[in-house]
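Structure, as structure tokens:
The values are calculated or read from the model by the stated rules, or taken from the named source; none is laboratory data. It should be emphasised that the depicted structure is a prediction, and the values quoted were computed from it without experimental measurement. We place every Cβ from the backbone using ideal geometry, glycine too, and count neighbours over all the protein chains shown. Calculation scope for accessible area: heavy atoms of the full protein, side chains included, ligands and nucleic acids excluded. Shrake-Rupley method; radii C 1.70, N 1.55, O 1.52, S 1.80 Å.
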Amino acid sequence: MVTLARESRGMTMGELAAKVGVTSSLISKIEQGAREMSEERAKSIASSLDYPADVLTWREPVYGFGSSSFYHRKQQSLPQKTLKQIQAFVNFHRIRAKRLSAALDLDFAFTIPSLAVDDYGSPEEIARAVRAAWRMPLGPVQNLTEWIEAAGGVVVPREFNSAKINAISVWPPGESPFFVLNTLLPACNLRFSLAHELGHLVMHEVPEPGQEEEADRFAAEFLMPAREIKPHLRGMNLTLAARLKPVWRTSMGAIIRRARDLDVITDRQHTSLRVQLSQKGWSKDEPVQIPHERPSLIPEIIRVHHSEHGYSSSDLADMVGLYTSEWLDLYEPRGLRAV
Ligand SMILES: [Zn+2]
């Protein structure tokens, strides 16, 4: 927990040691479990990291990049320090969500099933099976976050300090599926990423070589079912892609790619449309904005704690190991604050 708390603040061992006034070798020994901490030392470490001291006594499992229940999308060359900070953020948020929901008797309409590609034949079949199990209406998915929350998933939007990572999902044994979305990216990209991560959780219990392509195919079929979207893709050009974007709530790029994957346009037409997108500067910054989806599960849990259990914000901050001011910033920002 010392390591996690330190990394969540983006601090090196040396920086923490300097702040606490000890050697970095002592911090290193403490983090490796080679040295016990006195209560006083724990307090001064915690306060240097801006956490209440009891956080350091938690015995929660931590999952990181590289563990089999931790998936992430488009992680290019991210510096180690950023990766560690994101990993710490995800773990802390996951643990806090678990603590917030522990006392409640949550009941969800659906579950996220585990379905193997070998049994179903293709990621597309699995996407259709999940849509059917969730009794989703035909056509576009209006609010993907809402569906995932109805299946017990926790979705956390967060602005990371790098756009190189889109989304992370982690589903530890016995816990809720957990997703973090980087709000630096446009909403339509995040919806695709969220569907991609959902695909991993449904299809991949252990990492597999073809998993990224399978998760993309799952996402495309889940958000843009072939049978329903194909007739609308005829005559694909940039204008049509821009018109379909607010309907299907996927990027123009994804819509154009869908047209190619469903054989509505040729590879050559696809390449030409890509070139046009990039000439207009739209491959990075597309026109027609889709609003971000707002999760409601955690806000609802917080509302219940306030209104039905009589907990104050500082009670809730204690429950999840935060000082009240940080709790308010993260969980009850102005405008959302419960009265
Ligand atoms: Zn992936």
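Geometric descriptor of the stretch 188-261, per residue, is 80 Å³ (volume of the convex hull of the Cα atoms). Take every Cα-Cα pair in the stretch 64-223 and report what % of them are more than 28 Å apart. Taking all Cα-Cα pairs of the stretch 64-223, the fraction more than 28 Å apart is 16 percent. Normalising the average separation of contacting C-alpha pairs (under 8 angstrom, six or more residues apart) by the number of residues puts the relative contact order of the chain at 17 percent.
Between residue 44 and residue 325, the distance separating the two model label sites (each 7 Å from Cα on the Cα→Cβ line) works out to 2.2 nm. Given a cut-off of 19 Å, what percent of all Cα-Cα pairs of the stretch 1-59 lie beyond it? Tail of P(r) above 19 Å: 12 percent of Cα pairs. Could you give each residue of the stretch 107-113 its phi-based ³J(HN,Hα) in whole Hz, using Karplus coefficients 6.51, -1.76, 1.60 with θ = phi - 60°, and x for Gly or Pro? For the stretch 107-113, the Karplus curve yields 10, 10, 5, 9, 10, 8, x Hz. State the percentage of accessible surface on the chain attributable to carbon and sulfur atoms; use a 1.4 Å probe and exclude ligands, DNA and RNA. Using a 1.4 Å probe with all protein chains present, the chain comes out at 49 percent carbon and sulfur. The overall shape of the stretch 224-290 is oblate: from the C-alpha gyration tensor, with semi-axes ordered a ≥ b ≥ c, the ratio a/c is 1.5 or greater and a/b is no larger than b/c. The residues 22, 55, sorted by heavy-atom accessible surface at 1.4 Å with ligands and nucleic acids left out, run 22, 55 from largest to smallest. In percent, what relative contact order does the stretch 224-290 have, based on Cα pairs under 8 Å that are 6 or more apart in sequence? Computed over the stretch 224-290, the figure is 35 percent.
Calculated on the alpha-carbon coordinates, the convex hull of the stretch 213-338 measures out at 166 cubic angstrom per residue.
Placing a pseudo-label 7 Å from each Cα along the Cα-to-Cβ vector at residue 103 and residue 9 gives an inter-label distance of 2.8 nm.
The angle between the Cα long axis of helix 297-307 and the main principal axis of the chain comes to about 50°, on a 0 to 90 degree scale.
Computed from point charges on the beta carbon alone (+1 for Lys and Arg, -1 for Asp and Glu), the dipole magnitude for the stretch 86-150 about its Cα centre is near 340 Debye.
Which of the peptides 278-285, 1-8, 261-268 is most tightly packed, and how do the rest follow, judged by the mean count of other Cβ atoms within 10 Å per residue?
1-8, 261-268, 278-285
Projecting the Cα atoms of 196, 30, 301 onto the charge dipole of the chain, computed from C-beta unit charges around the Cα centre, puts 196 farthest toward the positive end.
Apply 1/(1 + (r/R0)^6) to the Cβ-Cβ distance of residue 31 and residue 136, taking R0 = 45 Å, and write down the FRET efficiency to the nearest 0.05. E between residue 31 and residue 136, to the nearest 0.05, is 0.45. Computed from the Cβ-Cβ distance with R0 of 30 Å, the FRET efficiency linking residue 65 to residue 205 stands at 0.95.
In the chain, the longest principal axis of the Cα atoms and the axis of helix 267-279 are about 60 degrees apart. Mean projected area of the Cα convex hull of the chain, taken over all directions, amounts to 19.3 nm².
A Förster distance of 56 Å, applied to the separation of the beta-carbon atoms of residue 239 and residue 23, puts the FRET efficiency at 0.30.
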